[in-house]
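These notes concern the structure reproduced below.
What follows draws every value from the coordinates through simple rules; no lab data is involved. Fair warning: this is a prediction, and the values are worked out from it, not measured in the lab. Positions of Cβ are backbone-derived with ideal geometry, glycine not excepted, and every protein chain shown enters the neighbour counts.
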């Protein structure tokens with residue numbers, strides 16, 4: 001999120017709000033763009049001293065690089081080019097002093113809603129490009145589509161022993177390292193931060209948030225994204241890749257439907273994490289055995305990820321700790337009473353839910 005001000009006096013009306021949001025969401029980047037000198041900021045907030053020139057192409061480049069979900073802007077720096085460029089990038093602009101006055105609670109709620117409901121930029125363009133027959137064939141050559149759960153099970157050769165590895169510290173515990181020579185039929189992983197760490201680096205399936213894992217992980221591999229919007233983005237970014245990769249869309253498999261009633265509104269405005277989708281899919285494949293590790297629910301004292309002391313040990317703003325915990329507890333209980341599946345859990349966070 002960008003807070004665009006002339007100086008410290010412009011930040012004063014929302015300083016408390018920004019500090020509160022930074023404490024609640026340590027994984028969100030809060031960036032103050034100042035047109036004057038440096039000044040003290042709340043913890044977790046960074047400052048850019050040189051504001052971009054208010055020309056559309058400069059602003060477009062700045063927004064493309066910073067990728068803000070929302071902008072708070074003071075009246076002293078309000079400029080039509082900023083607001084027009086932000087609208088073209090589907091970024092909601094909130095006026096610091098004109099729009100809400102003293103109603104801090106409403107201001108905070110609206111800013112969070114803007115972040116949670118950010119539109120995917122240029123989704124229409126991606127759809128129209130990929131509808132061109134030649135480009136569509138190229139996309140399907142680079143990423144073979146997997147249409148349904150039966151096709152996925154067949155592509156994985158109907159796995160009976162599945163290892164699900166999240167990215168938490170327990171993914172590299174001694175218990176997991178001892179599993180290297182185990183005869184798993186399928187290894188599932190999340191994103192790609194484990195690539196350089198030398199443990200289970202040739203998974204059969206990877207649950208990805210974007211195109212970077214698809215580009216970096218060597219084939220053969222099946223990639224899973226949550227929805228059609230992400231699939232379009234990944235396909236467009238991966239047209240140049242060689243064959244050997246497949247792409248499956250979790251929503252199109254229907255596997256998320258059974259879990260939407262965990263609470264009255266399912267995950268509501270929040271998205272399930274890729275780890276959650278991994279667990280849902282593993283059970284949907286009906287194996288005889290599932291081992292789960294690295295799903296530490298950002299509660300392990302060692303931190304968010306093994307060997308990474310700097311990343312905040314917390315969920316991103318698009319995910320809800322309460323909903324993830326409710327889902328994981330429900331999943332563990334459902335699988336543990338299923339006599340057809342032998343379940344093994346690694347890590348204190350998961351074992352506490354059993």
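Points worth noting:
- Extension gain for residue 348-residue 51 works out to 102.3 nm (0.36 nm per residue, less the C-alpha to C-alpha distance).
- Residues of region 322-344 with amide N under 11 Å of the 7 Å Cα→Cβ point at residue 301: none
- Mean residue ellipticity, 222 nm, helices only, the chain: the sum of -39500 (n - 2.57) across DSSP H runs of n ≥ 4, divided by residue count and rounded to 500, is -10000 deg cm²/dmol.
- Inter-site label distance for residue 113 and residue 66 at 7 Å from Cα along Cβ, in nm: 2.4 nm
- Length-normalised contact order for the chain - Cα pairs under 8 Å, 6+ apart - percent: 16 percent
- Labels on offer are (i) 71, 26, 25; (ii) 99, 32, 13; (iii) 39, 25, 18, and the one holding semi-axes √(5λ) of the Cα gyration tensor in Å computed from this structure is (iii).
- Highest-MSF residue in the chain out of 229, 106, 69 [GNM, Cα springs under 10 Å]: 106
- At full extension, residue 6 and residue 269 could sit 91.4 nm farther apart than now, given 0.36 nm per residue minus the alpha carbon distance.
- Modelled FRET efficiency - R0 56 Å, residue 106 with residue 199, Cβ distances, 0.05 increments: 0.75
- Spin-label pair residue 84-residue 289: with each label point 7 Å from Cα along the Cα-Cβ axis, the two points sit 6.5 nm from one another.
- Taking 0.36 nm per residue of separation and subtracting the current Cα-Cα distance, fully stretching the chain between residue 19 and residue 151 would add 42.7 nm.
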